[in-house]
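Everything on this sheet refers to the single structure shown next.
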Amino acid sequence: MSGEDIRARMFLTADAQGHEFCLRPDFTIPVSRDYLASAQAGGAANYCYLGPVFRDRAGQPAEFLQAGIESFARTDAAAADAETVALGLEAAQQFGLRRPDLRMGDVGLFSALIEALDLAPVWRRRLAKDFNRKAD
């Protein structure tokens, strides 16, 4: 999720001075910020997380567990993607999940798929537009 879309789903509050706070809606941004602020910034690094997040999800519970893996600055992107999928599936199996909902946020994978289909430019634009819509 991104920008205004995730902001519209957050649970916000303010203190007496008007400073805005929210319940954590996602782990990706704070994990990415921690990486960028670390001594490892710019170098290859992997992070994983599991914990509660909170956001309005139209008819679904507002509090739910989010697990994720973030991989930064790897030069072997295909190997990093394969490792990430393998780790995700292994973790799901360890927790007894038979049919996990595994999502990858690498737009490069989608772009490669569209390129491999050899579609007309109008269809590429249409698919890219539909891909960028959020359906959470």
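The values are calculated or read from the model by the stated rules, or taken from the named source; none is laboratory data. Everything numeric in this text was worked out from a predicted model, so none of it was measured. Ideal geometry is used to build each Cβ from the backbone, glycine not excepted, and the neighbour counts take in all protein chains shown. These area figures cover heavy atoms from the full protein model, side chains too; ligands, DNA and RNA do not enter into them. Shrake-Rupley method; radii C 1.70, N 1.55, O 1.52, S 1.80 Å.
Can you run down the residue pairs with Cβ atoms below 9 Å, 6 or more apart or on separate chains, where the first is in region 36-64 and open to solvent by 70 Å² or more (accessible area, probe 1.4 Å) and the partner is polar (S, T, N, Q)? Every condition considered, the pairs that remain are ASN46/SER71; ASN46/THR84; LEU50/GLN66. Would you confirm whether or not region 85-99 contains a residue that is in contact with a helix residue (DSSP H, G or I) (Cβ under 7 Å, 6 or more places away or on another chain) and among the basic types (Lys, Arg)? No - not one qualifying residue is present in region 85-99. Is at least one residue of region 44-58 of a type in the set (A, V, I, L, M, F, W, C), more than 17 Å from the chain's Cα centre (by Cα) and closer than 26 Å to LEU97 by Cβ? Yes, some residue in region 44-58 is of a type in the set (A, V, I, L, M, F, W, C), more than 17 Å from the chain's Cα centre (by Cα) and closer than 26 Å to LEU97 by Cβ.
Beta carbons closer than 8 Å, at least 6 apart along the sequence or on distinct chains, pair a first residue in region 2-20 that is part of a helix (DSSP H, G or I) with a second that is modelled with pLDDT under 90 and among the aliphatic types (A, V, I, L, M) for ARG9/MET1.
Would you check if PRO52 is part of a strand (DSSP E or B) and closer than 27 Å to ALA8 by Cα? When the stated conditions are applied, PRO52 passes them. Of the residues making up region 88-123, those that are out of contact with any Pro (no Cβ under 9 Å at 6 or more places or on another chain), closer than 30 Å to GLN40 by Cα, in a helix (DSSP H, G or I) and open to solvent by less than 90 Å² (accessible area, probe 1.4 Å) are VAL107, GLY108, LEU109, PHE110, SER111, ALA112.
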